[in-house]
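Notes for the one structure printed next.
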Amino acid sequence: MFRSARLKLTAWYLLSIMMISVLFSLGVYQGAVLEIRRGLRAQALRVIQEQKLIPGIDRDAIPPEFDRFHRVPSLRLSSEFDEQLFAEAKRRVAFQLVVFNLGILALAGTAGYFLAGRTLKPIEEMVDEQKRFVADASHELRTPLTAMRTEVEVTLRDKNLDAASAKEALESSLEEIGKLQLLSDKLLMLDRYQNATNGRSFTAISLADAVEEARQSVLPLAREKNIEIQGEIENISLEADKESLTELLIIFLDNAVKYSNENGKVIVRTITEHNKAVIAVQDFGIGIRASELPHIFNRFYRADASRSKTKVQGYGLGLSIAKSIIDMHNGKVDVDSTPNQGTTFTIILPLKH
Ligand code: ADP
């Protein structure tokens, strides 16, 4: 699809360039013809004037238009010889212009093809990304749906179904519905933050308050795993979108707790540095392998350890949402991790916009 689009775009580039080149060449041709005519006439005049000085030449035989040099409207040439010279010069100019246009055609064709490729590249990447996203999302949707379907079919086939088994099947389906809901919530959130431009209202907010709000929201899971969330919080005021910033902190804190072993701890630090707010979320959990680090902000990416070893619930969307929120705030994120020792995410946000 992109190959034919590239060829079409090249054809359009070529057409526009060739139209300009041909028009330009026609102008040059007209100008050159005019100049050649004048040149030949001036030459003929010189010859005639020289002849005037030679005794025996009949001056009345000289055509009147020669006396007025090249300002006369009629540019008729003096002799058959001049006509031949003129035709020859015209042919040469035309030939050179044709060669010039062929050169432009070859050059514009190559450059156009290259430019068309460069123009289409980001679009192609976007379409590929979109396709991957649809495939990944469908895959994630299918897993809980298949589980639910199997559960319901097996339950329906059971001729001696009692109330307890039916309840169990319903509970299992409810769990899958919960997963589907989580997925759709995450997808909606991703869409919301990815499409958020500067339209969001940035107001001065307290970072300490946002951290506390996020801490409260992950506290139930932390309690379940007996994980302590410690804070070393500087009282920083920064311009941000309150709701997004809290969501961002929830994502990092939630991951820190999710990927920590039981009875561990998570530390949140906030400081200001060169007019920037620096937020670090450190855990001492399973860590991320160096080879996986470049991918963790990709949509639907989950590192092997979190998929297999720990069976942590998730869709690999949290960090891509976090990245969109950080981009929205013109910030940066850094990650430092050692497998089985822990991970530190450092988020840097400008204090003012
Ligand atoms: P998920 O829903 O899987 O947590 P995320 O986008 O939040 O999705 O994270 C992507 C992947 O990055 C996770 O699956 C996990 O492998 C890895 N990851 C993120 N945060 C941590 C962390 N604090 N410790 C270890 N691995 C992490």
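Since every read-out is calculated from the coordinates, none of them should be taken as a lab result. If you're wondering where the values come from, they're calculated on a predicted model, not measured in any experiment. All Cβ positions, even for glycine, are placed from backbone atoms using ideal geometry, and neighbour counts span all protein chains on display.
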For region 172-187, Karplus couplings with θ = phi - 60° (6.51, -1.76, 1.60), whole Hz, Gly/Pro x: 5, 5, 4, 4, 5, 4, x, 5, 4, 5, 4, 4, 5, 4, 5, 5
Degrees separating the helix 80-157 axis from the principal Cα axis of the chain, which is the longest one: 10
Approximate spin-label separation V47-Q230, in nm, with each point projected 7 Å along Cα-to-Cβ: 10.6
Phi-based couplings in Hz for region 260-271 (Karplus 6.51, -1.76, 1.60; Gly and Pro marked x): 9, 7, 4, 6, x, 8, 10, 10, 10, 10, 10, 9
Residue-wise HN-Hα coupling along region 218-227, computed from phi with Karplus coefficients 6.51, -1.76, 1.60 (Hz; x: Gly, Pro): 9, 4, x, 5, 5, 5, 4, 9, 6, 10
R0 of 25 Å, Cβ-Cβ distance V152-Q313: FRET efficiency to nearest 0.05: 0.70
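Place the peptides 206-216, 120-130, 88-98 in order of packing, highest mean first, counting for every residue the other Cβ atoms within 10 Å and averaging per peptide.
Most protected by this proxy first, the peptides run 206-216, 88-98, 120-130.
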Computed E for A94/S16 - FRET, C-beta separation, R0 22 angstrom, nearest 0.05: 0.40
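Percent relative contact order of the chain, based on C-alpha pairs within less than 8 angstrom and at least six residues apart?
13
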Within-13-Å neighbourhood charge of L174 [Cβ basis; K, R +1; D, E -1]: -3
Viscosity 1.002 mPa s, 20 °C: Kirkwood-radius Stokes-Einstein D of the chain over Cα pairs, µm²/s: 77
Computed over region 81-209, the ratio Rg/Rh where both radii use C-alpha atoms and Rh is Kirkwood: 1.51
Amide H within-cut-off set for A277, under 5 Å, with H built and near neighbours excluded: L349, L351
Net length gained if the chain between L85 and D128 were fully extended (0.36 nm per residue, minus Cα distance): 9.2 nm
